[in-house]
Number of protein chains: 2
Amino acid sequence: MSDRADIAIIGAGAFGTALACVVARRGQRVDLVGRNKQKIADIEASRLHPFLPRDAPLPAGVSATADPACLQTASIVLFAVPSQALRETARDYRTRIADDAALVICAKGIEQESGRFLSDVLHREIPGHDVAALSGPGFAADIVRRLPTAMTIACSSPDQAAMLSQRLSGETFRLYSSTDVAGVQIGGALKNVMAIACGVVEGRGLGESARAALIARGLAELGRFAAAHGGRPQTVAGLSGLGDLVLTATSHQSRNMRFGVALGQGEAPQNLLAPGKPLAEGAYTARIAAQMADSENIVMPITQAVAAILDGALSIDGAIEALMNRPLTTEID
Amino acid sequence: MSDRADIAIIGAGAFGTALACVVARRGQRVDLVGRNKQKIADIEASRLHPFLPRDAPLPAGVSATADPACLQTASIVLFAVPSQALRETARDYRTRIADDAALVICAKGIEQESGRFLSDVLHREIPGHDVAALSGPGFAADIVRRLPTAMTIACSSPDQAAMLSQRLSGETFRLYSSTDVAGVQIGGALKNVMAIACGVVEGRGLGESARAALIARGLAELGRFAAAHGGRPQTVAGLSGLGDLVLTATSHQSRNMRFGVALGQGEAPQNLLAPGKPLAEGAYTARIAAQMADSENIVMPITQAVAAILDGALSIDGAIEALMNRPLTTEID
């Protein structure tokens, strides 16, 4: 084990910490960098994270630190921060990052203010680096507990994607490589919209057949959106879009799903979106994606229905009726 | 409403009866043809089916009958019988069916004895007809209760597929048309294998992330199998493969899922496969598909793991280890 860590993870949340465990279990040193000094000191001293299982302490190879100086030696820097915090985090740390470091985004979403994909945000804030996106179905607790997990890591350079897959995979944590950075990000972001729709179906008591059909037809929308933005429909039918959607839409651990269930049970959208309420990322993504679908003529009836419900322009029953009464069509067009 | 029914459904099980309700609710007459005279007489008299909700009686347009003479006037004949009974049913009724009738298969599976797709079976037993396949996520009870449901109907002729979609769709039952008869059948048959695998994951306590990854990677196998058999990978990522898999793999109503859960909990395969035990279609499909994958060089590690577990050639933990230790690869190859 070398003295200095070659891998750094910015963001000591549950997911970033779980990734640090995977990397360290393979005998690699990893720095887990956070801003909150007290929280970081607690993690470093206790070898435990407040949101992760207590029976799986951090391996010795993980150093939790609030000192960004450690970033200098890292050839791989992962950003495991919420999507809306990515730009600010990049600005805070960019002078500390080595010129040839590969950057990896672990967040899922679209920047609300700009409507940009997170890889664009990072390219703009820290130019000149390879930027990869890591996404897919992986609960941090499952990863830490060594339950089998698979995700996708995408980078425009196939060699770089393969290298990252090798360096970041673990015994029970398998990373598939891809060159479709757009598709992987679209899968990760737009599945939140479909998770809200699945929540509505559940909250309104529409049945398991309806939910399954919604996931399949939602996936068709993700595929069309990906194709229109330089991504591949097959990518969103993989771990990042479909796999993550299945995980989100069948688990009540998801905030987007719970948001949809509340809507389906009759809660008013404006109450759910009031300031101070927990953020459902998909609510923002729905609006941005619906606007993009409108202006780019992408057929996305479910996304547009979710956006219309959130804006109060359509009732849930009205949305269902509209979806069922669309002209009959081919499955793939 | 014309005097004679133009649509006939052979097989008065829950699904066939649910379809009859959809068709009759739109003002079309439909004959529901079964062999068991007492059961058919009970359905006709009570307007209820023993496996369907009692608050949704059969509409007046449905005639349940054991007399195959009614088939003569039907321009659309649906076969809603179990896949292993299709050949015999076709032989029993073929002389009664009009020469220009379109035939629709509602069963999902591969004929065990021959390893053939059901459309092949029907083409051989009743030559000279258009054969369509109807598949996707639709519980009969959900359909009868008018909950939103969507499925796919595939026929090699796009006009015929569109006609069938128009004739058989209902207000809350939406049929998407497709020309990919192979893909739709492969989706319907192979999803049962993945449902067993998902059951194993659940029975063994491997977590929700593992199940989601399995569904995504299983879908990649279905896509490769479809491509090798003249189908389209996009089709199995639609209602018939993916949608149906999501429904099956997240619901304990599925026999295949329950079979997998029992395996995962340590039940011996030979006990579960003993004569007299309820049939898990996917157990047979797994073996046939694994053999085909072997001889045709299709990469299907999950299908082969399920087949090896059923044959006692691999333990569940051995299968998981083998799946996780495969060389790291790209997501789409």
In the set B:Arg211, B:Arg217, B:Arg258, the lone residue that is among the basic types (Lys, Arg) and touching a Cys at 6+ places or on another chain (Cβ under 9 Å) is B:Arg211
Practice item. Consider A:Gly199 carefully, then state whether it is on the phi > 0 side of the Ramachandran plot and either open to solvent by less than 10 Å² (accessible area, probe 1.4 Å) or more than 7 Å from chain B (Cβ to nearest Cβ) (or both). Key: no
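Residue-wise test of (1) within 23 Å of A:Pro137 (Cα to Cα); (2) touching a strand residue (DSSP E or B) at 6+ places or on another chain (Cβ under 6 Å); (3) among the polar types (S, T, N, Q).
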{"residue": "A:Ser83", "(1), (2), (3)": "yes, no, yes"}
{"residue": "A:Ala90", "(1), (2), (3)": "no, no, no"}
{"residue": "A:Ile97", "(1), (2), (3)": "no, yes, no"}
{"residue": "A:Val104", "(1), (2), (3)": "yes, yes, no"}
{"residue": "A:Gly109", "(1), (2), (3)": "yes, no, no"}
{"residue": "A:Gly115", "(1), (2), (3)": "no, no, no"}
Taking the range B:213-267 and keeping only residues that are of a type in the set (S, T, N, Q) and either under 16 Å from the mean Cα position of the chain (by Cα) or open to solvent by less than 10 Å² (accessible area, probe 1.4 Å) (or both), one is left with B:Thr235, B:Ser240, B:Thr248, B:Ser251, B:Gln253, B:Ser254, B:Asn256
Within the range B:237-255, restricting to residues that are more than 9 Å from chain A (Cβ to nearest Cβ) and out of contact with any Ser or Thr (no Cβ under 6 Å at 6 or more places or on another chain), the one that is farthest from B:Gly207 (Cα to Cα) is B:Arg255
Selection from the range B:291-303 of residues surrounded by fewer than 23 Cβ atoms within 10 Å (Cβ to Cβ) and away from chain A (no Cβ under 14 Å) yields B:Gln291, B:Met292, B:Ala293, B:Asp294, B:Ser295, B:Glu296, B:Asn297, B:Ile298
When the range A:206-236 is checked residue by residue, the ones that are more than 9 Å from chain B (Cβ to nearest Cβ) and at positive phi are A:Gly230
Note to self: When you check B:Ser114 against the structure, is it modelled with pLDDT under 95, buried (at least 22 other Cβ atoms within 10 Å of the Cβ) and hydroxyl-bearing (Ser, Thr, Tyr), yes or no?
What the structure shows: no
In the range B:87-141, anything at positive phi and without any contact (Cβ under 8 Å) to a residue 40 or more places away in the chain is listed as B:Gly128
>> Looking for something surrounded by fewer than 23 Cβ atoms within 10 Å (Cβ to Cβ), touching a residue at least 12 places away in the same chain (Cβ under 8 Å), under 26 Å from A:Met300 (Cα atoms) and under 18 Å from the mean Cα position of the chain (by Cα) - is there at least one such residue anywhere in the range A:168-179?
In response: yes
Being closer than 15 Å to A:Leu19 by Cα and either among the small types (Gly, Ala, Ser) or open to solvent by 20 Å² or more (accessible area, probe 1.4 Å) (or both) narrows A:Ala98, A:Ala80, A:Ala69, A:Ala85 down to just A:Ala80
Restricting the range A:268-282 to residues that are hydrophobic (A, V, I, L, M, F, W, C) and open to solvent by less than 60 Å² (accessible area, probe 1.4 Å), the one nearest to the other protein chains (Cβ to nearest Cβ) turns out to be A:Ala280
message = Would you confirm, using the coordinates I've provided, whether B:Thr285 is crowded, with 23+ Cβ neighbours inside 10 Å, on the phi < 0 side of the Ramachandran plot and at pLDDT 95 or above?
response = no
Condition set surrounded by 14 or more Cβ atoms within 10 Å (Cβ to Cβ) and under 21 Å from A:Arg146 (Cβ atoms), scope the range B:310-327, selection farthest from the other protein chains (Cβ to nearest Cβ): answer is B:Leu314
Residue hits (the range A:142-167; facing chain B (nearest Cβ under 9 Å), free of Cβ contacts under 8 Å to residues at least 12 places away in the same chain, open to solvent by 40 Å² or more (accessible area, probe 1.4 Å) and among the charged types (D, E, K, R)) are none
If we take the range B:109-206, then helices (runs of 4 or more DSSP H) inside it with 2 or more residues that are within 21 Å of B:Gln234 (Cα to Cα) are B:118-125, B:158-168, B:181-203
Only unsatisfied item for B:Phe139, checking (1) within 14 Å of the chain's Cα centre (by Cα); (2) open to solvent by less than 20 Å² (accessible area, probe 1.4 Å); (3) within 11 Å of chain A (Cβ to nearest Cβ), is (2)
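The values are calculated or read from the model by the stated rules, or taken from the named source; none is laboratory data. What you see is a predicted model; the values in this text were computed from it and never measured. Cβ atoms come from the backbone with ideal geometry, glycine included; neighbour counts cover every protein chain shown. Just so you know, the surface numbers come from the protein's heavy atoms only, side chains and all, with ligands and any DNA or RNA stripped out. Shrake-Rupley method; radii C 1.70, N 1.55, O 1.52, S 1.80 Å.
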